[in-house]
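Throughout, read-outs are computed from the coordinates displayed, never taken from laboratory work. None of these values were measured; they are calculated from a predicted model. Cβ sites come from the backbone with ideal geometry, for glycine too, and all protein chains shown count toward neighbours.
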Amino acid sequence: MNGMKASFFLAWKYLSFNKLRTTILIACVTLVGALPLSLNLLLSASERELMARAETTPLVVGAKGSDLDLAINSLYFTTVPPEPITMAEVTQIQTSGLAIAIPLHTQFQARNFPIIGTTLDYLDLRQLTVAAGRNFSILGETVLGADVAATLNLKPGDTLVSSPESVFDFGGVYPLKMNVVGVLEKSYTADDNAVFVDIKTAWVIQGLGHGHQDLAQPEDSDVVLEQNDNVVTANANLTQYNQIDADNLASFHFHGSTDTFPLTAVIAVPQDDKSAAILRGRYEVSEASSQIIQPASVIEELLLEIFKVRNILNLVFVLVSVATVVALILVFNLSLRLRQREMETNFKLGCCRSMIIRLVTAEIATILVVSLGCSLVITAGTGVFKDRITRTMLS
Amino acid sequence: MEQSADIQPVVELTNLEFQYDRGEFHIKLPNLIIHRGQKVAMIGASGTGKTTLLHLIAGIRTPLAGKIQVSDVSMNQLSDSARRQFRISHIGFVFQDFELVEYLNVFDNILHAYRLNPSLQLDEAVKSRARELAAQLGIVDKLKRSVKALSQGERQRVAICRALLPQPQLILADEATGNLDPDNKQRILDILFRYVDEQPSTLLAVTHDYELLERFDRVIDLKTVMAIAPALSETTQSVASPLAQKRQEETV
Amino acid sequence: MMFRFNSHPFSRIMVVAIATTSLIISSCAPAEVNENTEQTENTEQVDGSAVTTEGSQSLIYVSNYPLQYFSERIGGDQVKVELPVPGDIDPAFWEPSADELAQLQTAELIVLNGATYEKWLQTASLPQAKTLDTANLFQDRWLSIKEVVTHQHGPEGEHSHEGTAFTTWVDPTLAIEQAAVIRDRMTTQFPDQADLFATNYKALEQDLTTIDEQLATLVVDSADQKQPLLASHPVYDYLAARYGLNLRSVLWEPETFPDEDQWAELESMLAEHPAEWMIWEGDPLPESVERLRQLGIESVVFDPAGNVPEEGDFLTVMQSNVENLSPVFAE
């Protein structure tokens with residue numbers, strides 16, 4: 001034991017004297033140790049994050065087609081919106097009492113952020129709370145995700161205009177100047193990048209609802225094309241408001257039954273498992289015009305595919321580790337050759353036979369232990385901050 | 001100084017045959033005795049095997065044949081680890097190039113032998129002895145310094161502290177003063193001689209510095225005590241100092 | 001193997017290594033626990049089930065007075081029912097401000113009449129999970145009105161009647177159905193008070209059935225069940241449908257004297273619909289009564305009690321309504 005203590009003493013002195021070489025060695029071994037561990041931690045955390053969002057979205061109803069597209073669009077609001085379904089889906093589900101039906105309308109954007117037309121139930125589902133201001137209450141109001149407000153520098157009281165579908169879209173979608181009434185707390189999810197409005201506001205943007213001067217008592221009679229008993233027809237002079245405020249709110253209305261109005265998806269939150277099963281059963285008949293998916297299953301399949309890359313990563317790590325070990329052996333070998341004279345002197349002085357082995361072992365052990373310590377610190381740090389790192393990477 | 005027959009021989013070499021320099025021939029040394037307390041200098045031209053002989057005595061190398069006795073221990077019969085153990089505790093080596101460890105400070109260099117072999121126990125007694133030794137050799141204020149910061153003379157003194165710390169019975173010095181200026185040469189010799197007197201110990205110093213020879217008790221010219229095989233010489237005599245040699249010649 | 005702790009760097013390394021290992025282990029555990037609690041909280045909120053603590057009242061907002069009455073009768077002291085509409089406004093034409101809507105959003109339950117009664121819903125946002133539509137179940141029995149585009153009005157300004165008739169509760173049997181929906185929802189939200197709600201509902205049902213029977217008797221016993229009748233406002237469609245009344249409406253207000261156009265309209269209506277009685281929502285102006293009398297029409301009041309009555313409650317108001325109607329059918 002005395003001998004080991006002496007060997008560690010000499011090893012420590014040698015390593016401290018050659019600071020650069022020692023630091024590089026420790027850095028290499030630390031990386032080889034910490035990277036796979038940390039990366040696996042982060043990958044697992046990422047998987048959990050992605051699954052968490054899918055798992056809190058029990059069922060989604062949408063147009064028939066790719067279930068993955070439907071899931072991604074409903075969860076992350078990215079990708080091209082799927083074919084629309086109608087509000088009637090929502091009404092049917094609500095009437096059945098089997099689930100809460102939350103409409104989603106993701107067709108429009110405001111300054112490159114998706115406008116999500118939905119109901120307050122969505123904010124409850126995602127447990128999104130207001131950081132400043134309040135939730136939307138009246139047509140035309142909007143609540144912004146934390147990152148939207150930060151990027152566009154908006155706060156309650158400001159306005160935000162929706163983007164036209166295309167530059168030449170004059171006759172169709174009307175840009176609506178929405179009133180920002182609230183900003184949400186940061187949630188580290190796709191919701192941070194969303195502009196939330198009531199579904200009816202989305203329909204106003206779509207041109208399905210509008211407000212205008214009262215046509216029965218027009219301020220400007222030029223506007224009236226003809227008027228017979230009960231029907232007044234306006235001409236193109238009629239200004240369609242692009243901002244809803246207290247004065248013109250009363251004039252806003254929708255033509256036709258809202259059941260025919262479009263949505264991109266419906267999130268269904270079933271009352272219980274039995275209701276969920278019944279609801280799913282209704283859509284599994286082939287005549288159904290829409291499909292129902294379980295985002296958790298869809299995303300799980302996707303993740304299984306994606307995270308197969310983890311195996312490749314692990315293989316790479318193994319190879320890198322082997323290469324590092326070989327390099328370390330080379331370094332030690334060369335170092336020993338450099339220290340040949342020192343070793344000869346040691347021999348002449350009368351060192352014990354296992355001196356060289358003890359010395360090298362002590363050096364390697366010291367480097368390994370320090371690297372292990374650094375690896376543990378890095379891995380611990382990743383472990384503590386893994387959720388924050390993952391959310392930042394995924395948002 | 002006269003040889004005293006009743007003083008114990010520290011080194012006794014008998015019918016030694018050894019090889020040096022990977023040459024085709026080997027050296028034969030019929031007889032060499034060094035007594036306790038003697039300060040012996042060994043001279044000879046370069047490459048005549050002086051260093052090799054030191055190594056044989058120290059057990060660093062083994063002979064082809066013959067007997068090496070150091071303080072009643074038959075070195076040629078010992079195993080490698082036994083020789084190492086004996087060497088580190090009984091023999092102090094001083095080198096021409098000092099051979100200090102550059103990544104240790106002065107104090108740790110002095111203690112170095114105690115870290116090289118577990119048969120030497122490093123404890124507080126040893127450490128305080130090291131400090132005393134350093135004080136005696138005038139380097140106690142430099143104990144925490146790096147060896148690179150020292151002068152040649154100071155470095156050799158550190159090396160000597162290292163060699164003397166295990167209180168060896170035999171000091172082997174291989175050109176110990178070779179890299180020093182004249183003042184330091186004398187000082188180093190003073191230190192070594194004082195140690196031999198006080199411990200008491202024995203000194204066998206290989207040297208090229210002829211001006212130092214007169215301070216030694218004996219001077220051995222290796223050429224005269226060994227023969228180059230295959231021819232074997234019958235008698236080889238140990239050569240005394242030039243003064244003694246003269247007396248001997250006068251006697252004969 | 002004794003390493004002196006204070007001096008040997010090796011032991012310091014070991015301590016650091018052990019400390020960081022414990023850090024990793026401790027960082028893993030709490031994360032798992034948090035995820036679990038988030039999940040359970042999530043499901044509770046959205047499906048609208050009970051969130052209140054025991055012993056405190058639940059906050060229920062309603063959109064008109066009859067719903068308030070039914071909710072209070074059924075819920076008893078388990079509920080605190082608020083009608084956020086100011087007392088002088090007809091709740092059917094209430095236009096809530098953003099603040100009033102924000103207030104509504106804080107309720108645990110929002111009871112709505114349905115059948116397009118709440119026009120303000122078209123432009124308002126409420127959490128679907130917390131709203132209760134009490135007329136949805138009898139959607140097949142909703143009546144539609146065909147009326148003129150618009151007309152002048154009282155404090156709310158202009159409004160129009162078109163589409164579906166929405167004063168469903170004036171038909172006591174529909175009121176009973178609406179009350180049943182309220183009972184069922186309260187039972188879902190507070191299952192342990194189910195018996196209380198059932199008992200209270202039974203009592204309410206009895207009271208409303210009594211009103212229904214009285215009205216039915218009135219009509220059946222009258223000489224001419226199909227006698228032409230007039231209503232000052234199209235709010236009695238469900239009443240007329242229930243008891244088979246021959247009722248036509250004008251668009252008059254009790255506190256406003258009709259203009260000449262309106263009188264002319266009435267007289268032309270009388271040509272084919274010779275009514276002798278006009279049913280008013282509230283006390284009419286004496287001038288209006290007088291002028292009607294000259295046309296041979298007497299006036300009675302049937303208060304639909306959309307908002308809180310000055311005196312009494314829904315039941316007493318309906319009781320007076322029955323009494324007010326008796327001369328109409330007595331003959």
remark   = Across C:90-98, the residue-averaged tally of Cβ atoms belonging to other chains within 10 Å stands at 2
query = Using the alpha-carbon atoms, what tilt in degrees (0 to 90, nearest 10) does helix A:2-17 show relative to the longest principal axis of chain A?
reply = 60
note = Taking A:Asp198, C:Asp303 and counting other beta carbon atoms within 10 angstrom, the fewest-first order is C:Asp303, A:Asp198
note = Output field shielding_mean for C:115-128 (other chain Cβ, 10 Å radius) holds 6
request  = Just rank B:Tyr210, C:Tyr65, fewest to most, by other beta-carbon atoms within 10 angstrom.
outcome  = B:Tyr210, C:Tyr65
query = Taking Cα centroids, how far is the range A:120-159 from the range A:346-395 in Å?
reply = 49
query = Which angle between 0 and 90 degrees, to the nearest 10, do you get for helix A:87-96 versus the longest principal axis of chain A when only C-alpha atoms count?
reply = 80
key: Of A:Lys155/A:Lys177; A:Lys19/B:Lys144; B:Lys142/B:Lys185; A:Lys13/B:Lys142; A:Lys13/B:Lys185, pairs whose Cα-Cα distance is over 25 Å   = A:Lys13/B:Lys185
ask   = So how do A:135-142, C:119-126 stack up, highest first, on mean other-Cβ count within 10 Å?
value = A:135-142, C:119-126
remark   = Placing each pseudo-label 7 Å from Cα in the direction of the beta carbon, C:Glu265 and C:Gln294 end up separated by a distance in nanometres of 2.0
ask   = How big is the gap, in Å, between the Cα center of the range B:106-180 and the Cα center of the range C:106-121?
value = 98
request  = Please report how far the C-alpha centroid of the range A:282-299 lies from that of the range A:1-67, rounded to the nearest whole angstrom.
outcome  = 40
message = Within 10 Å of each Cβ in B:111-124, how many Cβ atoms from other chains are there, averaged over the peptide?
response = 5
